[in-house]
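Scroll down for the structure; my scribbles are underneath it.
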Amino acid sequence: MYVLPSLPYSYGALEPFIEAQIMELHHAKHHQTYVDGLNAALQKHPLLYQKSLLELLSNLDALPEDIRTAVRNHGGGVENHTFFWHSMAAKAGGIPQGPLADSIKQRFGSFDAFKQQFETAARTRFGSGWAWLVVDQKGDLAITSTANQDTPHSVGCVPLLGLDVWEHAYYLQYFNRRQDYISAWWNVVNWNFTQEQFERL
């Protein structure tokens, strides 16, 4: 069965950009709810525990119809949040280096242009969802967004960086000012983690 993974830092490690109370509620309550929902679905078809979560999410149409939506929603929530925690770190931020930085410049023209496009994807995602930097099916860098807990893996993309823009990720601190949250988030982006994902491809 799936269990709630520990954060790679304390709840207060990302302050002042993301407050400890938000991180604790987000991790201990929201992420835990997705873990519980995923287990409740898979217990109806326990042989599916033999597959990895990425295998399940990458081929949703192959899942039994009675749990397909639950795995999409709760499994996506588990995968997205686990990825999100590692996409951030204390005393991080700045700009990427090395091959990733070169690829961003080649694809988007400059880091600032990439950042602007990413912020637009995050800001304009209607309702709840995510903004992503991914490697698409062609092997190119791309910026995209997904609704709810949908994951890029379900459409054949590999995420490198993801930003949660559900209100529970920021409302207690930033209220309805999503752009303020997005702007602050760059200060905790863990580019080392993003670079590692890029180098694995």
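Values quoted throughout were computed directly from the atomic coordinates according to the rules given, and no laboratory measurement underlies them. Remember, predicted model here, so these are calculated numbers, not experimental data. Every residue, glycine among them, receives a Cβ derived from its backbone with ideal geometry; neighbour counts consider all protein chains shown.
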Next on the checklist: Given all pairs of different Cα atoms, what value in angstroms does the Kirkwood hydrodynamic radius of the stretch 30-139 take?
Outcome noted: 16.4 Å
Next on the checklist: I want the local charge near residue 44. Using Cβ-Cβ distances under 13 Å, sum +1 for each Lys or Arg and -1 for each Asp or Glu among the other residues.
Outcome noted: -1
Checklist entry - By the scheme Lys and Arg +1, Asp and Glu -1, what is the net charge of all other residues having a beta-carbon under 14 Å from that of residue 62? => result -1
Item to check | Theoretical gain in end-to-end length, residue 192 to residue 101 [0.36 nm per residue, Cα-Cα removed] | outcome: 31.6 nm
Checklist outcome for this item: Cα-based Debye curve of the chain sampled at q = 0.10, 0.11, 0.16 Å⁻¹ gives log₁₀ I(q)/I(0) of -0.41, -0.50, -1.07
Item to check | Computed over the stretch 18-167: relative contact order in percent, which uses C-alpha pairs under 8 Å that are six or more apart | outcome: 22 percent
Checklist entry - Among residues other than residue 187 whose Cβ falls under 15 Å from its Cβ, what is the net charge (Lys/Arg +1, Asp/Glu -1)? => result -2
Checklist entry - Which listed residue (118, 74, 157) has the Cα farthest towards the positive end of the charge dipole for the chain, taking +1 on Lys and Arg C-beta and -1 on Asp and Glu C-beta about the Cα centre? => result 118
Checklist outcome for this item: Expressed in Å to one decimal, the Kirkwood Rh of the stretch 20-86 from all distinct alpha-carbon pairs is 12.2 Å
Checklist outcome for this item: The relative contact order of the stretch 20-86, taking Cα pairs under 8 Å that sit 6 or more residues apart, comes to a percentage of 44 percent
Next on the checklist: Just to confirm my numbers, what's the Cα centroid distance between the stretch 60-96 and the stretch 103-159 in Å?
Outcome noted: 14 Å
Checklist entry - Which one of 139, 156, 76 has the biggest mean-square fluctuation once the chain is modelled by GNM with Cα springs under 10 Å? => result 139
Checklist entry - Residue-wise, which Karplus ³J(HN,Hα) couplings in Hz belong to the stretch 116-126, taking 6.51 cos²θ - 1.76 cosθ + 1.60, θ = phi - 60°, and x for glycine or proline? => result 5, 5, 5, 4, 4, 4, 6, 6, 9, 5, 6
Next on the checklist: Whole-Hz ³J(HN,Hα) for each residue in the stretch 160-171, computed from phi via Karplus 6.51 cos²θ - 1.76 cosθ + 1.60 with θ = phi - 60°, x for glycine and proline: what do you get?
Outcome noted: 10, 8, x, 10, 7, 10, 5, 4, 5, 7, 8, 5
Next on the checklist: Using only Cα atoms and rounding to the nearest 10 degrees, what angle (0 to 90) does helix 76-86 make with the longest principal axis of the chain?
Outcome noted: 40 degrees
Checklist entry - If amide H atoms are built 1.01 Å from N in the plane of the peptide, which residues on other chains or at least 5 residues away come under 5 Å of the amide H of residue 129? => result 148, 165, 166
Checklist outcome for this item: Going from the fewest other Cβ atoms within 10 Å to the most, one would list 118, 175 as 175, 118
